[in-house]
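See structure below.
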Amino acid sequence: MSYNSFGRVFRFTTWGESHGPALGAVVDGCPPGLNLSEADIQPFLDKRRPGQSRFTTQRQEPDQVRILSGVFEGRTTGTPISLMIENVDQRSKDYSDVAQAYRPGHADYAYDAKYGFRDYRGGGRSSARETAARVAAGAVARLVIPEVRIRAWVEAIGGDSIDQAAFDAQEIDRNPFFCPDAEAAHRWEALVDAARKAGSSLGAVIACEAVGVPAGWGAPLYAKLDSELAAACMSINAVKGVEIGDGFAAAALTGEQNADAMRPGTDGPAFLANHAGGIAGGISTGQAVRVRVAFKPTSSILTPVPTISPSGEATEIATKGRHDPCVGIRGAPVVEAMMALVLADQKLLHRAQVG
């Protein structure tokens, strides 16, 4: 059985393929009476949309969303909200070679091993194109958590990291890299250009922060806020690692260094640090919820790499077509969407249990 749904109370299911006629999402469990129109969703899709700079795939998709159900007179009805995004710029002929050989690092062989056949046109469901549906669903989730502000940015590309001392939140929307460090964004132009011209690709690290999450969301064991976030982010195409708070760096600290010390505050505790990323024992503490996500380099590259054919013969493959030289760049809006989807679900779970 394949799973295409995520969430417990606020639940969404994505459908469609990279080169199919359309893709989309069905959002279920959304409370009724919330104001919702296509205009509330479109700005988030526009941030993720391909073809906006030379640093991303040149596939030209407008990514215009249509609401097919679950909204009446501009308000949610409490019934399933169906969202559709048409594919208008597919070039399936670019993938004729992919039909004859597996792309190393991609899901080609794994899909064939599981299902006995695969949709080689862009990778089908394994394509990052699927994440457009997540971003649309995430826009609906944000309506459930108006008290929370979510922002994501790129912290590193190809191992070149931003200078945290130069962090400028206003800079994130001023460059095509979602980068809060203007100098790093300038360096990345040359870095990504070089990878693209060489027919190669680069990985990236995305950081995401949610401010305004009240203390108490989550659960002690099997619906931990951090485990749900980790699962949500790991489900994103090309993601290979997730950290909550300090993550792996916490393993190098002592107990007193890692402790998020507290002092009396005006409204609950005043924390002196946030090594835990705003989550303790699986439950939010009221601090900013922080996650970092590692995206691998794009697997579809022009550089020939050794592989095998479906019949097991040795060969090489160089993937033609239009691909992101760094798929992680457009991952920032996707990580934001998954953060929103998890937090909306956890808010409704919390309300269901404790009122």
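Some notes on this structure:
- Applying the Karplus relation 6.51 cos²θ - 1.76 cosθ + 1.60 with θ = phi - 60° to segment 69-82 yields 3J(HN,Hα) values of 6, x, 9, 9, 6, x, 10, 5, 9, x, 9, x, 9, 9 Hz, where x marks Gly and Pro.
- Inter-part distance where segment 236-287 and segment 163-211 are each reduced to a Cα centre, Å: 25
- For THR298, residues with placed amide H under 5 Å, excluding near neighbours: LEU202, VAL327
- Within the listed set VAL342, VAL26, VAL88, the Gaussian network model of the chain (springs between alpha-carbon atoms below 10 Å) gives the highest mean-square fluctuation for VAL88.
- For segment 211-272: rounded, prolate or oblate by the Cα gyration tensor [a/c cutoff 1.5]: oblate
- The chain: mean projected area of Cα convex hull, nm²: 19.3
- For the chain: relative contact order, % (alpha-carbon pairs under 8 angstrom, 6 or more apart): 23
- With the simple model of a label 7 Å out from the Cα in the direction of the Cβ, VAL88 to GLN170 spans 3.5 nm.
- Degrees separating the helix 182-197 axis from the principal Cα axis of the chain, which is the longest one: 20
- Heavy-atom accessible area per residue - segment 5-354, 1.4 Å, Å²: 45
- Across segment 259-266, coupling constants 3J(HN,Hα) worked out from phi with the 6.51/-1.76/1.60 Karplus curve, θ = phi - 60°, read 5, 8, 4, 10, 9, x, x, 6 Hz, and Gly and Pro carry x.
- Remark on THR307: its backbone amide H falls under 5 Å from those of THR315, GLU316, ILE317, a criterion applied only to residues 5 or more positions apart or on other chains, H modelled at 1.01 Å from N.
- Backbone amide hydrogens, once placed in the peptide plane, bring ALA22 within less than 5 Å of GLU17, ASN87, excluding anything fewer than 5 places away on its chain.
- Extension gain, ASP163 to PHE248: 0.36 nm times the residue separation minus the Cα-Cα distance gives 28.6 nm.
- Degrees between helix 38-48 axis and first principal axis of the chain (Cα, 0 to 90, nearest 10): 60
- Ligands, DNA and RNA aside, VAL305 has an accessible area near 40 Å² when probed at 1.4 Å.
- Euclidean distance of C-alpha centroids, segment 1-18 and segment 309-330, integer Å: 26
- Of all accessible heavy-atom area on segment 5-354, the percent that carbon and sulfur account for (1.4 Å): 54
- When all protein chains stay in place and ligands, DNA and RNA are ignored, the 1.4 Å accessible-area order of ASP173, ASP181, largest first, is ASP173, ASP181.
- Per-residue ellipticity at 222 nm computed for the chain from its helices equals -7500 deg cm²/dmol, with DSSP H segments shorter than 4 residues left out and the rest contributing -39,500 (n - 2.57).
- Degrees, to the nearest 10: 131-144 long Cα axis against longest axis of the chain: 20
- If R0 is 41 Å, the Cβ-Cβ spacing of ALA280 and THR315 corresponds to a FRET efficiency of close to 0.20.
- Highest-fluctuation residue, GLU256, GLU228, GLU130 considered, GNM on the chain with Cα pairs under 10 Å: GLU256
The values are calculated or read from the model by the stated rules, or taken from the named source; none is laboratory data. All figures in this text were calculated on a predicted structure; none of them were measured in a lab. Cβ atoms come from the backbone with ideal geometry, glycine included; neighbour counts cover every protein chain shown. For accessibility, only protein heavy atoms count, side chains too; no ligands or nucleic acids. Shrake-Rupley method; radii C 1.70, N 1.55, O 1.52, S 1.80 Å.
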